[in-house]
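Laboratory data are not the source of any read-out in this text; all were calculated from the coordinates shown. Treat the numbers as computed from the prediction; the structure is a model and nothing was measured. Backbone-built Cβ (ideal geometry, glycine too); neighbour counts: all protein chains shown.
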Amino acid sequence: MDLVFTEQQNAFREEIRSWLAANVPAAPLQSFDTAEGFKQHREWEATLNKGRWGMVTWPEALGGRGCDLIEWLIFEEEYYRARAPLRVNQNGIFLLGPTLMEYGTEEQKARILPKMANGEEVWAQGWSEPNAGSDMAAIRSTAKLEGDKYVINGQKTWSTRAVWADWCFGMFRTDPASERHRGLTFILVPLNSPGITVRPIPQLDGLPGFAEIFFDNVEVAVENRLGDEGAGWNVAMATAGFERGLMLRSPARFQETARRLVELYTANRESADRDPAVKDAVIRAYLDAESYCLTTYQTACRLNKGGKIGAESSTNKIFWSELDQNMHATAMSILGARAELLPHAPAAQGVGNWLDGWLFSQSGPIYAGTNEVQRNIIAERMLGMPR
Amino acid sequence: MDFTFTEDQLLFQESVRDFLVNEVTPERIRASWETDGGRDPALWRQLAELGLTGITVPEAHGGLGMSALDFVLLAQECGYVALPEPLVHSALVAVPMLSAIGGELAAQWLPKIAAGEAKVVVGLAQNLVVEDAHIADLLILQQGETLVAATADQVVLEHNESIDPSRKLFTVAVRPVATTVATGAEAATLIADALNHGALGCAAQALGLAQRMIDLTVKYTSERQQFGKPIGSFQAVKHHMANVAVRLEYAKAPTHRAAYAIAAASQPRLSRPRRIARQAGGVRGREPRREELPPGARRDGLHLGGGPAYLHEKGLGAGEHLG
């Protein structure tokens with residue numbers, strides 16, 4: 001064990017830190033769930049990509065830097081410390097990207113990844129259906145192979161970023177006689193295809209972060225199939241593993257929230273200390289964010305040495321989503337009567353974007369596989385309890 | 001940056017685990033409750049033969065010269081079997097303190113401790129009572145801002161009975177003949193270090209103990225049938241267990257980080273804790289608070305074990321003394 005960063009790792013940290021200092025927009029971008037904000041975030045992805053910071057873990061040939069997981073964590077730490085914009089293409093770069101590396105053909109990687117990295121093609125998720133949420137194996141949308149095309153019919157819902165995205169990835173039933181997780185195929189679909197209707201779903205904050213996608217005889221070239229026909233479930237499980245595991249929610253995000261929570265507490269100390277439980281909650285949040293960071297470094301070092309990530313991706317998902325909820329609930333307590341005010345309200349001094357964050361934190365235990373399903377996975381696959 | 005244990009450290013953990021699981025059974029622990037001192041001299045000899053009593057004793061004094069980082073995984077295993085013998089106390093708190101005091105006292109006692117021929121315990125102002133004072137050949141005790149060393153014949157002990165029969169607790173009165181070993185700033189440093197070491201020992205044992213609670217409760221809830229099914233197949237039960245598993249998973253790395261920090265601070269070749277903390281950016285060490293550490297494991301273990309878990313013979317109670 002040696003917890004000192006190497007010269008090379010320190011140099012990498014310096015490089016990204018100074019690049020971010022010079023390039024992060026001074027004024028925060030608008031939400032990427034608005035038309036204008038989406039455009040701004042797409043431009044930011046292009047800027048990042050020009051500096052070869054779009055996805056540092058990718059090979060150099062694909063616009064990355066071939067970084068290992070430790071450098072990835074360093075990148076994330078600096079990224080959140082600089083309060084740089086959220087990643088509008090997170091479905092692509094964090095979820096589909098690693099899946100393509102594992103299951104994609106060379107042609108697919110060369111065609112898809114560079115445009116993903118520079119924000120030219122932003123990706124939406126197409127997992128859930130009205131009757132297939134936690135129970136993803138209940139998917140009913142179909143894809144029928146006709147010549148060199150799949151013809152897709154059905155409906156997807158809760159598709160993150162689908163309102164303005166260019167592509168979506170998802171699973172479709174290619175074998176009409178199949179049941180459950182057999183007979184599903186992972187297909188990439190251009191959202192401008194004829195026969196697609198995208199209907200925005202307004203969230204609690206009023207913005208359309210999700211959409212429903214309707215497919216009416218949508219034709220998709222067979223080269224957009226990822227993995228073998230009928231092997232969609234295994235491909236999707238890899239994607240879900242990245243989602244719950246290291247990529248989607250790196251510790252830096254929560255450490256940054258924890259630092260902001262300490263700032264909020266310090267700025268409001270007199271009123272916050274009227275309830276001693278608030279201070280405890282702030283300390284607890286800070287320590288839990290540190291624990292998440294340490295645990296992630298330990299996992300990353302193990303993976304760098306050839307280890308595999310297993311059921312612990314389910315413990316990750318529960319830990320970060322509940323940590324996020326706790327931190328935002330504590331912020332709401334500190335803000336007291338101001339907590340419900342929108343930032344432009346006259347009495348809303350110092351509320352920051354905690355309300356938005358609090359609303360979003362409520363979705364954490366739902367997306368990326370509900371925490372209830374994760375608890376079943378932990379109990380059955382990690383602890384070996386009976387089904 | 002390498003946050004993993006070495007092959008050697010993992011192999012050592014495995015062999016100590018095999019030994020402890022075979023030797024320190026709940027039956028053997030319960031049998032020791034019936035004896036006078038409540039401790040098992042034969043077990044201490046076995047621990048000495050494995051080198052464990054001298055694990056942190058410097059090589060010059062006949063020990064293995066290992067660090068808190070080498071020992072932390074073994075402390076977890078001591079917790080896993082709820083070892084009543086004061087091995088973690090000795091290896092992580094008393095021996096490092098005695099080594100830091102140095103001089104004649106260390107030269108006289110460390111070789112005996114390594115050989116398993118003598119035991120040393122520490123009692124600080126924080127300790128209402130001193131554990132295992134009755135089997136100690138040497139006691140290092142805080143008196144105000146001073147540390148004194150007293151041999152067994154220089155103290156008067158009064159037994160304090162605990163709910164946990166494995167805990168042997170004593171109020172200690174020191175006769176005036178005891179030797180002063182440190183005062184002022186020197187004593188304050190020794191005491192602060194001992195508290196950090198002790199917190200690490202508690203945390204590491206709690207990790208093992210929590211794992212044991214999980215293992216026992218998984219076994220019980222997989223066997224116990226109600227409504228025609230194992231109760232462990234019900235989500236209400238599974239989710240309790242998953243919650244404990246999640247908290248336990250995230251308590252490990254901070255404990256290992258704390259062991260690294262303590263090892264780095266006490267070894268010249270690694271003694272750059274401040275620099276490490278600065279360079280590590282977000283990766284700072286902390287001493288896990290003891291009360292957070294088998295996080296809910298004992299409560300849920302007791303609850304899901306049902307009525308039988310409240311009985312001594314079921315095993316969960318055997319870990320009570322660490323909680």
Taking the Cα of A:GLN349, stepping 7 Å toward and past its beta carbon, and measuring to each backbone N in the stretch A:7-31: which are under 12 Å?
none
Whole-Hz couplings from phi, Karplus 6.51/-1.76/1.60, listed for the stretch B:141-148; x for Gly and Pro
10, 8, 10, x, 9, 10, 10, 10
Distance in nm between pseudo-label sites at A:ASP68 and B:ASP215 (7 Å out along the Cβ direction from Cα)
3.2 nm
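Around B:VAL93, what is the net charge, scoring Lys/Arg as +1 and Asp/Glu as -1 over all other residues with Cβ under 12 Å from its Cβ?
Values: positive: none; negative: B:GLU131, B:ASP132, B:ASP193.
Result for the local shell: -3.
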Using a Förster radius of 30 Å, what is the FRET efficiency between A:GLU7 and B:GLU117 based on their Cβ-Cβ separation? Nearest 0.05, please.
0.05
Under the Karplus relation with 6.51, -1.76 and 1.60 and θ = phi - 60°, whole-Hz ³J(HN,Hα) for the stretch B:242-253, x at Gly and Pro, equal 5, 4, 5, 4, 5, 4, 5, 4, 8, 8, 6, 4
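Using Cα-Cα distances under 8 Å and only pairs 6 or more residues apart, what relative contact order does the stretch A:7-88 have, in percent? Working shown, then result.
Details: 79 pairs, mean separation 27.5, N = 82.
Taking the mean separation of contacting Cα pairs over the length of the stretch A:7-88, I get 34 percent.
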Could you tell me the center-to-center distance, by alpha carbons, between the stretch A:212-291 and the stretch A:151-211 in angstrom?
21 Å
Taking chain A as the reference, fit the longest principal axis to its C-alpha atoms, fit the long axis of helix A:312-335 to the helix C-alpha atoms, and give the angle between the two in degrees, 0 to 90, nearest 10.
40 degrees
Within-15-Å neighbourhood charge of A:ALA221 [Cβ basis; K, R +1; D, E -1]:
-2
Using R₀ = 56 Å, calculate the FRET efficiency as 1/(1 + (r/R₀)^6) where r is the Cβ-Cβ separation of A:ASP228 and A:ALA329; round to 0.05.
0.80
Additional length obtainable on full extension of the chain from A:ARG182 to A:ASP216, 0.36 nm per residue less Cα span
9.9 nm
Can you list residues whose amide H is under 5 Å from B:GLY123's amide H, if they're 5+ apart or on another chain and H is modeled 1.01 Å from N?
B:ILE140, B:LEU141, B:GLN142
What are the lysines whose alpha-carbon lies under 18 Å from the alpha-carbon of A:LYS109, with same-chain residues fewer than 8 places away excluded?
none
Where the centre of each part is set by its Cα atoms, how far does the stretch B:185-251 sit from the stretch B:1-62, in angstrom?
20 Å
Which of these, A:ALA162, A:ALA117, A:ALA267, has the largest mean-square fluctuation under a Gaussian network model of chain A (Cα springs below 10 Å)?
A:ALA267
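Net charge near A:SER193, counting Lys/Arg +1 and Asp/Glu -1 over other residues with Cβ under 12 Å of its Cβ?
Values: positive: A:LYS149; negative: A:ASP166, A:ASP216, A:GLU219.
Result for the local shell: -2.
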Which of rounded, prolate or oblate describes the stretch A:123-231 when judged by the alpha-carbon gyration tensor and an a/c cut-off of 1.5?
oblate
Karplus couplings for the stretch B:165-180 from phi (6.51 cos²θ - 1.76 cosθ + 1.60, θ = phi - 60°), rounded to Hz, Gly and Pro as x?
x, 7, 8, 10, 10, 9, 7, 10, 10, 9, 6, x, 6, 4, 8, 6
Given H placed on each backbone N at 1.01 Å, which residues far from A:GLU129 in sequence or on other chains put an amide H within less than 5 Å of it?
A:THR157
